[in-house]
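Report on one structure; see the data block that follows.
The values are calculated or read from the model by the stated rules, or taken from the named source; none is laboratory data. Here the structure is a predicted model, which means the values were calculated and not measured. We place every Cβ from the backbone using ideal geometry, glycine too, and count neighbours over all the protein chains shown. Protein only, heavy atoms only, side chains kept; ligands, DNA and RNA dropped before computing areas. Shrake-Rupley method; radii C 1.70, N 1.55, O 1.52, S 1.80 Å.
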Amino acid sequence: MLSVLSKIIKFNTLLIVGVYNSDEKSTYYTLVIKKKGSLLNIISSSVYEDFDEMQQHIDKKLPALLLIDGKGVLSKKIDLNNETDLNWRKNIDFGLMYHLDYATPSAVFLSFSRKQHVDEIVESFGSKGIQVIDCYLGPLVAGLLLPSIGENTVYANNSVLQHDGPELYDIVRQTDAVKHDYTFGDKKISQYHLPLYGAAVHFFLKPGQISKVTPDRINAEEILYKKSFNYFGTGMLIFFLASLLTSYMLIQYYSAKNINLNEENVFTKQTYEYIVKLEESKKEKLAILNQTGQLSEKFLSFYIYELLRSVPSTIQLKELNVFPLSKEIKEKEKVEVIPNTIILKGTTATEPDFNEWFSGLKNMKWIKKFEIVSIKKDKKNIQQFEVKILL
């Protein structure tokens with residue numbers, strides 16, 4: 001799991017803190033480095049004379065490298081061709097100390113300190129919430145920068161690194177109080193910040209000439225898990241908030257759509273009810289038209305004309321009632337007619353002419369049925385008749 005997380009979570013920005021102890025005080029040098037591609041860019045550098053002031057100004061969210069030097073840290077050259085140096089190295093109890101080795105073909109340079117001294121410093125940083133992921137001892141990591149500086153003598157903290165060609169040759173204490181600055185890109189750093197930059201180079205590139213022991217109080221895995229938790233937690237929070245925002249926007253969108261659909265449903269229902277009313281009105285009007293004969297194949301004038309044309313001169317029509325009323329018309333009452341019916345009333349003085357006319361009516365195809373409602377003679381021997389014709 002740790003190997004997977006280390007590939008996902010990268011420490012691209014580092015805070016490097018140099019703790020330089022002297023007899024009188026401790027001085028704190030800080031350097032912020034950002035890795036971009038294969039370049040290490042210096043973001044800022046500062047110096048603090050007080051620990052509390054330093055921890056108040058640094059960004060504690062950044063993973064930190066410590067570099068401890070000065071009082072309590074010793075640096076020594078061990079000549080691989082010198083028996084005395086080799087025996088001295090064999091007699092060192094590395095179980096009681098932390099150390100950093102810088103190896104060359106002819107010598108090994110060693111910076112070391114008691115574990116208690118280093119652990120106390122690491123613990124003091126951890127108690128203030130500073131995430132220490134690694135620790136370096138002495139100025140030797142500045143030796144990684146010798147080819148870039150291009151000088152035979154390099155000042156690092158209170159030490160002087162001398163080299164012959166590309167290899168570190170010797171390390172000695174600085175005897176004078178001269179200050180030296182070094183330029184990397186567009187940034188200028190002091191000789192006390194130089195080892196911090198070398199520590200960043202080693203952390204990112206892991207050159208083989210340097211080996212070291214990490215203090216027991218440093219738990220880089222815990223910091224990696226914490227950063228992973230923050231990374232994925234932030235991602236989940238952003239995803240959750242984005243989901244909420246998307247959900248809110250979709251709710252607003254579909255609510256507006258639902259309102260529009262409801263309005264359309266209301267209008268559709270009203271339209272449907274209006275159409276139903278129109279259909280009912282249409283049926284009523286068609287029924288009325290049908291009752292009045294307006295929907296028959298022939299116009300009423302045709303029936304009237306045919307009937308009048310068939311009446312002989314000896315017959316006098318007094319009334320021709322087409323689709324007569326079924327009852328007397330009254331206010332606020334529906335007018336009802338007798339559909340497909342014609343009532344003829346008249347008189348005749350000659351019964352043969354009436355019978356002949358009546359027989360002729362039988363030959364008219366548009367007459368479905370007819371009947372003599374009444375026929376009677378008055379005192380003058382004139383017949384009065386009433387005939388009902390069904391179309």
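Tabulated results
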item	result
From the options S124, S38, S75, S111, residue that is closer than 21 Å to G208 by Cβ, hydroxyl-bearing (S, T, Y) and either modelled with pLDDT under 90 or surrounded by fewer than 16 Cβ atoms within 10 Å (Cβ to Cβ) (or both)	S38
Top-ranked residue of the range 354-373 - restricted to ones that are open to solvent by less than 50 Å² (accessible area, probe 1.4 Å) and either touching a residue at least 24 places away in the same chain (Cβ under 8 Å) or among the polar types (S, T, N, Q) (or both), ranked as nearest to Q316 (Cα to Cα)	F354
Out of D93, D23, D50, sole residue that is open to solvent by 50 Å² or more (accessible area, probe 1.4 Å), touching a residue at least 24 places away in the same chain (Cβ under 8 Å) and not polar (S, T, N, Q)	D23
Some residue of the range 172-190 being touching a residue at least 40 places away in the same chain (Cβ under 8 Å), open to solvent by less than 30 Å² (accessible area, probe 1.4 Å), part of a strand (DSSP E or B) and under 17 Å from F109 (Cα atoms)	no
Candidate set from the range 132-151 (those that are in a loop (DSSP other than H, G, I, E, B) and out of contact with any strand residue (DSSP E or B) (no Cβ under 8 Å at 6 or more places or on another chain)); member that is modelled with the lowest pLDDT	G150
Identity of the residue in the range 303-315, over 16 Å from T347 (Cβ atoms) and without any contact (Cβ under 8 Å) to a residue 24 or more places away in the chain, that ends up least open to solvent (accessible area, probe 1.4 Å)	I304
Options G95, G129; residue that is part of a helix (DSSP H, G or I), small (G, A, S) and under 56 Å from the mean Cα position of the chain (by Cα)	G95
Any hit, the range 79-94, residues being touching a strand residue (DSSP E or B) at 6+ places or on another chain (Cβ under 9 Å), closer than 30 Å to K188 by Cβ and among the aromatic types (F, W, Y)	no
